[in-house]
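Worksheet: one structure, shown below.
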Amino acid sequence: MTRTLVISDLHLSPVRPEKLELFTRFMRGPAVNAAATYILGDLFEEFWVGNDDRTPPNTEIINELRDCTNKGGKIYFVRGNRELMLTASFEELTGCGVLKDQTVVDLDGKNTLLMHGDVLCSRDWKYQAYRRIVESGLSRKLFLNLPYRVRIAIAHGLRPHMQRSTGKKAAAIIDADQETIERVMLSHGVSELIHGHTHRPGIHEFELAGGTARRIVLGDWYDQDSVLVCEGEHRELISVRSYLGA
């Protein structure tokens with residue numbers, strides 16, 4: 001049976017070289033041979049500023065993605081909150097398909113909703129307001145037309161501020177909201193949702209529209225480096241290290 005792989009929240013950075021090595025091994029092995037590999041955002045640690053972004057280790061990451069797709073790997077990317085300025089031109093750069101957030105895919109015959117997961121944290125209204133501004137076509141156009149150095153200065157200066165802001169918020173505020181989860185799933189007519197962002201990996205079952213629904217939350221790669229392995233109806237959330245050793 002062919003496997004589909006789903007990962008999210010890699011936050012790849014030079015300060016964690018062991019995770020870069022893990023990503024390289026994953027791209028050169030499982031991702032090449034999988035039926036499809038979905039990356040649900042936050043691939044980069046720093047905010048993405050455009051296809052000319054040379055922040056280390058972006059060039060290395062892009063080269064690995066391109067090498068994988070050149071070898072026949074089918075990789076699909078959903079933008080995370082670190083890549084809100086990423087556009088469809090990323091496809092030309094890497095060979096990856098860029099999907100819209102909240103995309104329904106067929107996972108071995110089961111319609112499954114894929115998303116980064118930040119919009120599910122609806123109680124964090126300050127972040128949601130920020131996201132709507134950044135997501136607007138005008139904001140994106142204005143930002144991407146700025147000189148490279150200006151974009152880097154804005155993006156790299158913004159992240160520490162957002163980290164401090166997030167650190168002051170209650171855990172319940174920055175977690176996914178159950179009512180929002182159910183509303184989004186019902187709007188897409190699905191009983192399975194896979195997302196990242198919250199860094200709280202787990203498989204949750206609950207009642208939805210008179211049936212059983214399943215929400216799978218992917219772990220981040222700071223410590224957990226998890227991958228969701230999908231084979232038919234089976235879903236297994238394991239560490240990448242364990243998967244590579246299998």
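Here are the numbers:
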read-out: Members of segment 96-122 found to be at pLDDT below 95 and surrounded by 16 or more Cβ atoms within 10 Å (Cβ to Cβ), listed by number; value: Leu107
read-out: Residue in segment 190-200 that is over 25 Å from Met27 (Cβ atoms) and either among the aromatic types (Phe, Trp, Tyr) or out of contact with any strand residue (DSSP E or B) (no Cβ under 7 Å at 6 or more places or on another chain) (or both) present; value: no
read-out: Long-range neighbours under 7 Å by Cβ, at least six apart or interchain, first residue assigned to a helix (DSSP H, G or I) within segment 134-158, second exposed (fewer than 14 other Cβ atoms within 10 Å of the Cβ) and modelled with pLDDT of 95 or more; value: Tyr148/Asp52
read-out: Criterion (under 13 Å from the mean Cα position of the chain (by Cα) and closer than 25 Å to Met162 by Cβ) met by exactly one of Val78, Val49; value: Val78
read-out: Count of residues meeting criterion [surrounded by fewer than 19 Cβ atoms within 10 Å (Cβ to Cβ), of a type in the set (D, E, K, R) and under 17 Å from the mean Cα position of the chain (by Cα)] in segment 194-231; value: 2
read-out: Residues within segment 183-234 that are under 21 Å from Leu20 (Cα atoms) and either in contact with a Phe, Trp or Tyr (Cβ under 7 Å, 6 or more places away or on another chain) or assigned to a strand (DSSP E or B) (or both), tallied; value: 4
read-out: Scan of segment 22-78 for residues that are within 28 Å of Asp106 (Cβ to Cβ) and polar (S, T, N, Q), ordered by number; value: Asn33, Thr37, Thr69, Asn70
read-out: Residues within segment 187-237 that are more than 15 Å from Leu10 (Cβ to Cβ) and not β-branched (Val, Ile, Thr), tallied; value: 27
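The values are calculated or read from the model by the stated rules, or taken from the named source; none is laboratory data. Keep in mind the model is a prediction, meaning the values are calculated, not measured. Counting neighbours? That spans all protein chains shown, and the Cβs are built from the backbone with ideal geometry, glycine included.
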